[in-house]
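Encoded as C-alpha cells, the structure appears first; notes follow it.
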Amino acid sequence: MSKLSIVLPSYNEEQNIANTAKVLAELLEKNLIEYELVFISDGSSDGTFDEIQKAAAVNPNIKGAEFSRNFGKEAGIFAGLEMTTGDAVIVMDCDLQHPPQVIPEMWSKWQSGVEVVEGIKKNRGKESLGYKLSAGLFYKIMSGLIKMDMSASSDFKLLDRKVVDVLLALPERNTFFRALSFWAGFRTEPVYYEVQERQFGKSKWSFWSLMKYAISNATSFSTLPLQLVTVMGIVSILFSVVLAIQTLVKYISGTAVEGFTTVILLILIIGGFLMLSLGIIGHYIARIYEEVKGRPKYIISKVTGNVQGEVIGSWRKRQ
Ligand code: UDP
Ligand code: MG
C-alpha cells in the first residue's frame, strides 16, 4: 500500500501541534490512507517541540525534529522532505490555514498518475492592507521575474517521491520551494482551496521579513536585476551623448561658463545609478558567497519518533 507523508514546518506553534495532528490523523484514518506526519520545529522558543514529542508518543505515525535555531520556513520544508519515507509528500502549514479537507482530492489525483498537485488559493484569507499590498507587489515582481503566474500559488502541494528526490538532490542552498516545483516540471494539476483562518497564535511574517524573503527569492530565481544594470548604463550613455553635443556646441560658440546645475545633477544621477548597480551586483556576490561556503541549510538538534539515520549536525539519510 502506498504511503502519504505530510511535512509541517512549525515555528512557535505550540498551540497548534496537538490539534493539527489530531485533525490530520482522523481525516487520513477515515479515508484509509496510510500516512506519516513530519513536524519540523524551526528553532521555536516555545514548547513546540515538546508538543511534537507528546504527539509522537501517542501516535507512531508522527515524527519530528527541532532545529538548533530559526532557519526559516524553506529550511523547515527541506528538512521535512528529507525525513519523509512516503510515496507521495504533501507540504502544508501547521496552522490549518491550508484546509486538510482537500488532502483526499490531492491523494486521488496522485493515485491517478499526477506527479505534482499544486494548491491554488481561491482567496487570500484575512490579511491586513499592508500585508495585502506587500504580498501583491511581491507576487507581481516574482511572476515577472520567473515568468510564471505565482499570485495564487502557495507552499501547499503534493509531490510524488520522484519530484521530492529531484528537489533534495539540488545542490543549492537558497531555495524557493514554491517556484521549484514549477521549475521541476512533471505532470502537474491544480487543486483549488479557500485559505482558512489561522487556528491559534499569529502570523510569523512582518512587512520587513516579507520584503527580505521577496528579494532573496527574486534573486535566487532570476538574474534580471543584473541585466537592469546594463539597461541603466545604456540609458546613461544615450543621455551623455546628447549632453556632450550640447556642451560642445556651447564651447564652440563661446558661452561655456554656465552649467553648474547640470554638473551637480549629473554627479547625483550617475552616482545614484552607480551605487544602485554596485548594490545589485553586491547582492548577487553575497549569494554566490553563501552558496560557495556550502554550509548546510539547517542544523537539527533533536529528533523524535521513528526517525532512521543518524543526527550529526544536519540530518543525513543512511541507505
Ligand atoms: N514558519 C516556519 N518558520 C518561520 C516562519 C514560519 O516554519 O520562520 C511556519 C509557520 O509555523 C507556519 C508556516 O510556516 O506553519 C506559515 O507561517 P505563518 O502562518 O506565520 O504565515 P502566513 O500563513 O501568515 O503566511
Ligand atoms: Mg499561516
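Laboratory data are not the source of any read-out in this text; all were calculated from the coordinates shown. Just so it is clear, the model here is predicted, and its values are computed rather than measured. Note that we place each Cβ from the backbone using ideal geometry, even for glycine, and neighbour counts take in every protein chain shown.
Any idea which of Thr175, Thr247, Thr230, Thr188 is among the polar types (S, T, N, Q), surrounded by 13 or more Cβ atoms within 10 Å (Cβ to Cβ) and farther than 20 Å from Val91 by Cβ?
On the way: Thr175 fails: farther than 20 Å from Val91 by Cβ; Thr230 fails: surrounded by 13 or more Cβ atoms within 10 Å (Cβ to Cβ); Thr188 fails: farther than 20 Å from Val91 by Cβ.
Residue meeting the stated conditions: Thr247.
Within the stretch 40-49, is there a residue that is hydrophobic (A, V, I, L, M, F, W, C), in contact (Cβ under 8 Å) with a residue 12 or more places away in the chain and more than 16 Å from ligand 2 (Cβ to nearest atom)? Yes.
Quick one: in the stretch 83-109, of everything that is touching a Leu at 6+ places or on another chain (Cβ under 8 Å) and among the charged types (D, E, K, R), which residue is farthest from ligand 2 (Cβ to nearest atom)? Reasoning before the result, please.
If we filter the stretch 83-109 for residues that are touching a Leu at 6+ places or on another chain (Cβ under 8 Å), which is where we start, we get 86-94, 100-101, 103-104, 106-107, 109.
Among the residues that remain, those that are also among the charged types (D, E, K, R) are: 87, 93, 109.
Details: Asp87: 27, Asp93: 5, Lys109: 24 Å.
Applying the filter and picking the extreme gives Asp87.
Give all pairs with beta carbons closer than 8 Å in which a residue from the stretch 100-122 that is touching a residue at least 40 places away in the same chain (Cβ under 8 Å) meets a residue that is surrounded by fewer than 14 Cβ atoms within 10 Å (Cβ to Cβ) and of a type in the set (Gly, Ala, Ser); count only pairs at least 6 apart in sequence or on separate chains. Every condition considered, the pairs that remain are Gln111/Ser2. All of (1) closer than 29 Å to Arg178 by Cα; (2) surrounded by 13 or more Cβ atoms within 10 Å (Cβ to Cβ) hold for Ile288 with one exception: (2).
Would you mind stating whether Thr262 is touching a Leu at 6+ places or on another chain (Cβ under 8 Å), outside any strand (DSSP E or B), loosely packed, with under 13 Cβ neighbours inside 10 Å and without any contact (Cβ under 8 Å) to a residue 60 or more places away in the chain? Before the answer, list the steps.
On the way: touching a Leu at 6+ places or on another chain (Cβ under 8 Å): yes; outside any strand (DSSP E or B): yes; loosely packed, with under 13 Cβ neighbours inside 10 Å: yes; without any contact (Cβ under 8 Å) to a residue 60 or more places away in the chain: yes.
Judged against the criteria, Thr262 is a match.
Summed over the stretch 72-90, the residues that are within 12 Å of the chain's Cα centre (by Cα) and within 10 Å of ligand 1 (Cβ to nearest atom) give a count of 6.
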